[in-house]
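Below: one structure, written as structure tokens.
The values are calculated or read from the model by the stated rules, or taken from the named source; none is laboratory data. What you see is a predicted model; the values in this text were computed from it and never measured. All Cβ positions, glycine included, derive from the backbone under ideal geometry; neighbour counts span all protein chains shown.
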């Protein structure tokens with residue numbers, strides 16, 4: 001498949017935007033848009049093992065409701081285009097506040113660093129994630145009781 005330079009740039013930006021849309025929608029509680037970032041049969045591999053997108057999004061909404069606010073900062077995005085498929089790796093710093101208002105220090109605040117390693121596919125003219133590996137690197141603060149007690153630490 002041959003692409004124009006402009007087409008390649010448009011696809012690279014559209015692929016990277018999916019994760020930024022996911023993060024912004026997560027932080028604003030727009031769970032419908034969070035779900036739309038994933039294909040219907042997407043799998044997310046994270047701290048609790050593999051989960052289908054519906055289960056992952058529903059669980060994320062429940063976990064987010066335990067905090068007064070969250071902020072997911074996405075940086076250092078690397079896109080590899082493979083025709084109608086793409087790989088996107090992003091660094092993530094996620095802030096989860098318990099204090100009121102959000103940002104007020106609280107002993108149960110959680111800050112974590114991770115990678116999103118996303119595989120995307122172009123479906124119906126838009127890019128969606130069909131596989132995500134959420135690779136936790138570090139965390140400061142207590143993890144909620146309904147999550148594993150510590151992030152996976154392997155860097156493979």
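The table that follows gives values for the structure above.
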{"read-out": "Any hit, region 54-66, residues being crowded, with 16+ Cβ neighbours inside 10 Å and assigned to a strand (DSSP E or B)", "value": "no"}
{"read-out": "Region 79-108, residues that are surrounded by 14 or more Cβ atoms within 10 Å (Cβ to Cβ), within 22 Å of residue 120 (Cα to Cα) and more than 12 Å from the chain's Cα centre (by Cα)", "value": "79, 81, 85, 86, 87"}
{"read-out": "Among (1) touching a strand residue (DSSP E or B) at 6+ places or on another chain (Cβ under 9 Å); (2) surrounded by 17 or more Cβ atoms within 10 Å (Cβ to Cβ); (3) not in a loop (DSSP other than H, G, I, E, B) - the single one residue 76 does not satisfy", "value": "(2)"}
{"read-out": "Boolean, residue 134 is buried (at least 16 other Cβ atoms within 10 Å of the Cβ) and within 14 Å of residue 26 (Cα to Cα)", "value": "no"}
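One line per residue, one yes/no per condition, for (1) in contact with a helix residue (DSSP H, G or I) (Cβ under 9 Å, 6 or more places away or on another chain); (2) modelled with pLDDT of 95 or more:
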position: 55; (1), (2): no, yes
position: 99; (1), (2): no, no
position: 110; (1), (2): no, no
position: 129; (1), (2): yes, yes
position: 133; (1), (2): no, yes
